[in-house]
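Following: one structure in structure tokens, then a few remarks.
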Amino acid sequence: MTTVVTIMNMKGGVGKTTVTMHLGGIISLYKFGGKFRKVLLIDYDPQFNLSQAFIPAKTYFVCITR
């Protein structure tokens, strides 16, 4: 069974990315029903801040300097 959680608000700057990042991280760290869950976070924001939050800074800055 799959559960889909959507964080949505049309206004910018209300913390959607931050809430999504923390909620996804918490869900992936704890067991629910006796097992860990796989979490897929999809970032539709063209600024791609959610993706940057999970990429180590060293890796990210190496990629953009090449």
### Query
When mean projected area of the Cα convex hull in nm² is calculated directly from the model, which label among [x] 6.4; [y] 6.0; [z] 7.1 fits?
[y]
### Message
Given points 7 Å out from each Cα along the Cα-Cβ axis, report the Val19 to Tyr44 separation in nanometres with one decimal.
### Response
1.5 nm
### Task
Could you calculate the FRET efficiency of Ile27 with Ser51 from 1/(1 + (r/R0)^6), where r is the beta carbon distance between them and R0 is 22 Å, rounded to 0.05?
0.80
### Message
Just to check I understand the Karplus step: with θ = phi - 60° and J = 6.51 cos²θ - 1.76 cosθ + 1.60, what whole-Hz values come out for segment 40-46, glycine and proline as x?
### Response
10, 10, 10, 10, 8, 6, x
### Message
On C-alpha positions alone, give me the angle between the axis of helix 16-29 and the longest principal axis of the chain, in degrees, nearest 10.
### Response
50 degrees
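Values in this text are rule-based calculations from the coordinates and carry no lab data. All of these numbers come straight from a predicted model, not from anything done at the bench. For neighbour counting, all protein chains shown are included, and Cβ atoms are generated from backbone atoms with ideal geometry for every residue, glycine included.
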